[in-house]
Every structure is written in C-alpha cells, then in structure tokens.
Amino acid sequence: MPFVQKVNIVEVGPRDGLQNEAQPISIEDKVRLVDELTAAGLMHIEVGSFVSPKWVPQMAGSAQVFEQIQRREGVIYSALAPNLRGFEDALAAGVREVAVFAAATEGFSQRNLNCSISESL
C-alpha cells in the first residue's frame with residue numbers, strides 16, 4: 001500500500017474553536033488570531049462561517065474579519081457556508097474557498113442546518 005505523499009492541514013480554530021464560546025469575541029480579536037496563525041506559518045486557515053448570527057452569534061462579522069485580515073500569498077483563507085445564502089455571502093466577502101457540508105442523518109440536519117437533508121442539498 002503506497003503512503004500518502006502530501007497531507008493538508010486546515011486550521012479551523014477561528015471558526016470551530018470560537019463558535020461555541022459563551023462570551024462575545026470582537027472582530028479585532030478574531031482578525032488578530034488569524035493574523036497570528038498566518039505569522040506562525042499555517043498555510044490553510046478556516047477564518048469563519050457565513051451563518052445566521054441568530055444561530056451562531058460568534059460568527060457574526062465574518063465578512064469584516066475577511067476584509068481586515070493581513071493576507072499572505074500562498075495561504076488559503078477559507079470559510080464554512082452551510083447553505084446557498086451563506087455561500088453567496090462568502091463570495092460577496094471575497095472568500096475564494098468555501099467549505100460546505102451535508103448531514104448524514106435527518107436529526108443532525110435539523111439541529112445544525114435547520115432543514116432536512118434533501119432541502120440542504
């Protein structure tokens with residue numbers, strides 16, 4: 001069995017790591033975090049998510065974060081978009097790589113996407 005020649009590591013802390021924090025995190029702090037991860041040499045950073053702030057308050061302001069980060073050539077700055085509206089908002093914010101996801105069960109889809117699997121696809 002051949003070994004994998006390349007592994008891509010995606011740092012999701014600015015999105016997944018912050019989305020469940022109880023206290024609000026400022027846009028400035030989010031920008032600083034992404035800039036420091038870039039300075040540390042990470043090559044792919046999931047900066048935020050384009051979701052309703054009603055459902056995930058910590059992801060409010062993702063467009064502003066994308067506008068303010070200090071981009072380094074060769075680094076991928078991506079976002080998560082769970083639906084068409086989020087995808088369109090990400091594109092409008094200049095995001096060049098968007099992660100999408102689909103649920104494997106109806107329960108997960110209802111809890112995380114607020115719709116059925118067929119509606120999400």
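The values are calculated or read from the model by the stated rules, or taken from the named source; none is laboratory data. Because the structure is predicted, anything quoted here is derived from the model rather than measured. Positions of Cβ are backbone-derived with ideal geometry, glycine not excepted, and every protein chain shown enters the neighbour counts.
For region 30-49, the tally of residues that are surrounded by fewer than 18 Cβ atoms within 10 Å (Cβ to Cβ) and farther than 12 Å from Ile69 by Cβ stands at 5.
Restricting region 84-104 to residues that are modelled with pLDDT under 85 and more than 17 Å from Val12 (Cα to Cα), the residue that is surrounded by the fewest Cβ atoms within 10 Å (Cβ to Cβ) is Ala104.
Filter region 27-56 for residues that are over 24 Å from Pro82 (Cβ atoms) and of a type outside the set (Asp, Glu) and give the result.
Residues satisfying the conditions are Arg32, Thr38, Ala39, Ala40, Gly41, Met43.
Taking the conditions (1) within 16 Å of Gln19 (Cα to Cα); (2) exposed (fewer than 14 other Cβ atoms within 10 Å of the Cβ) in turn, Ala60 satisfies each one other than (2). Any chance region 16-23 includes a residue that's at pLDDT 95 or above, exposed (fewer than 14 other Cβ atoms within 10 Å of the Cβ) and not acidic (Asp, Glu)? No, region 16-23 contains no residue that is at pLDDT 95 or above, exposed (fewer than 14 other Cβ atoms within 10 Å of the Cβ) and not acidic (Asp, Glu).
Checking each residue in region 44-97 for being more than 10 Å from the chain's Cα centre (by Cα), small (Gly, Ala, Ser) and in a helix (DSSP H, G or I) picks out Ala63, Gly86, Ala92.
Could you identify the single residue in Ser52, Ser118, Ser78 that is surrounded by fewer than 18 Cβ atoms within 10 Å (Cβ to Cβ) and touching a Lys or Arg at 6+ places or on another chain (Cβ under 9 Å)?
Ser52
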